[in-house]
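Input: a single structure, listed below in structure tokens.
The values are calculated or read from the model by the stated rules, or taken from the named source; none is laboratory data. None of these values were measured; they are calculated from a predicted model. Ideal geometry is used to build each Cβ from the backbone, glycine not excepted, and the neighbour counts take in all protein chains shown. Calculation scope for accessible area: heavy atoms of the full protein, side chains included, ligands and nucleic acids excluded. Shrake-Rupley method; radii C 1.70, N 1.55, O 1.52, S 1.80 Å.
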Amino acid sequence: MEIINRRRRMMSVARRLRREENRTIGLVPTMGALHEGHLSLIHEARALCDVVVVSVFVNPTQFGPSEDFGSYPRDLTRDSGLLAEYNVDYVFAPTAEEIYPAGYASYVSVEGLSDKLEGAARPGHFRGVTTVVTILLNIVRPHFAFFGQKDAQQSIIVKQMVRDLGFEAEIVVLPIVREESGLALSSRNAYLAEPERRAAVVLNRALSQAQAAYAEGEHNASRLIELVRATIEAEPLARIDYVSINDAETLAKLDKIEERTALVSLAVFIGKTRLIDNIVLGESQKNVASANA
Ligand code: AMP
């Protein structure tokens, strides 16, 4: 496994692998602080591709001014150890200056989709995400890029961008990996004190209740949202940012879940930590069903 810090080196390695050795390249973009969720993406990349590149980059442009860019967990030594165990071929771990040198001025925005849900709560977040994903796709030029359903809106936006801008990479979206408790794995879970960690289980519990109610025939979005909200509000350490039911492809708000697949998504503060989670209801649920770690 080689750890690469420079974009020129990453580009030349990737070019050689693709052109001279004709190998299939898989890219797994991450911000590090790796957990089983990331590892599930790497596992799939390993199965589908000849060469696996994992990027580890805490991307400054996707954090708002009052967000946790400064305190986001960083431990490249630990991450590299895990990545070596997972037979990753290349770790691309550039500095912020390497990706955004002095005078950097170009941004990629996917309009419409980026303003809803997480985008409404975190203005500019997806512009940062689509910009860095564009840069990474251009450097690595992978055949496949792997994303998690944990960040459902991100996956939808990246797919739209890849379609619109004609990137060659195929975007593969993989199910949410959860703890046995149901808590979705997240690097930000590291911020939770023990009582908060126990309280955080309420996100998945509330979503599972909505799923059960839906299975029993409740297809009215407001009533399902009310159910989710009531469960979360009963947890004293939790404060809801939003709970929403949207079309799982277009993210249009839904009043009723009929023939379209629905994304039930939420953001909840547990103490000071903001967590997100989601569940998909409807026809193609099998494709993005939750998996346990
Ligand atoms: P991050 O390091 O948080 O930017 O995440 C990197 C990638 O891992 C993103 O595509 C995430 O959606 C994905 N990911 C994060 N947590 C999970 C999880 N619990 N299950 C599956 N994928 C995840």
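In this structure, does residue 102 turn out to be more than 24 Å from residue 153 (Cα to Cα) and free of Cβ contacts under 8 Å to residues at least 12 places away in the same chain? Please lay out each step first, then the result.
Numbers: more than 24 Å from residue 153 (Cα to Cα): yes; free of Cβ contacts under 8 Å to residues at least 12 places away in the same chain: yes.
Taking the combined requirement at face value, the residue satisfies it.
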Which fully enclosed helices (runs of 4 or more DSSP H) of the range 157-272 have 2 or more residues being open to solvent by less than 20 Å² (accessible area, probe 1.4 Å), modelled with pLDDT of 95 or more and out of contact with any Asp or Glu (no Cβ under 6 Å at 6 or more places or on another chain)? 201-215, 221-233
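So if I check each of 118, 111, 85, which one is of a type outside the set (A, V, I, L, M, F, W, C) and farther than 30 Å from residue 249 by Cβ? Quick ask: steps written out before the conclusion?
Working: 118 fails: farther than 30 Å from residue 249 by Cβ; 111 fails: farther than 30 Å from residue 249 by Cβ.
Testing whether each residue is of a type outside the set (A, V, I, L, M, F, W, C) and farther than 30 Å from residue 249 by Cβ leaves just 85.
If you scan the range 143-156, which residues turn out to be touching a Gly at 6+ places or on another chain (Cβ under 8 Å) and either within 8 Å of the ligand (Cβ to nearest atom) or not in a loop (DSSP other than H, G, I, E, B) (or both)?
144, 145, 146, 148, 150, 153, 155
Pick out the one residue from 28, 51 that is under 30 Å from residue 189 (Cβ atoms) and open to solvent by less than 40 Å² (accessible area, probe 1.4 Å).
Testing whether each residue is under 30 Å from residue 189 (Cβ atoms) and open to solvent by less than 40 Å² (accessible area, probe 1.4 Å) leaves just 28.
Being of a type outside the set (A, V, I, L, M), within 28 Å of residue 282 (Cα to Cα) and touching a Leu at 6+ places or on another chain (Cβ under 9 Å) is the filter here; which residues of the range 171-222 pass it?
Initial filter on the range 171-222 (of a type outside the set (A, V, I, L, M)): 175, 178-182, 186-189, 191, 194-198, 204-205, 208-209, 211, 214, 216-220, 222.
Narrowing further to those that are within 28 Å of residue 282 (Cα to Cα): 175, 178-182, 186, 204-205, 208-209, 211, 214, 216-220, 222.
Listed by number, the residues that qualify are 178, 179, 182, 186, 204, 209, 211, 214, 218, 219.
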How many residues are open to solvent by 40 Å² or more (accessible area, probe 1.4 Å) and among the β-branched types (Val, Ile, Thr) when one looks only at the range 62-91? 1
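Could you list, in sequence order, the residues of the range 129-142 that are in a helix (DSSP H, G or I) and more than 16 Å from residue 42 (Cα to Cα)?
The first filter runs over the range 129-142 and keeps only residues in a helix (DSSP H, G or I), leaving 129-140.
Within the range 129-142, 129, 130, 131, 132, 133, 134, 135, 136, 137, 138, 139 qualify.
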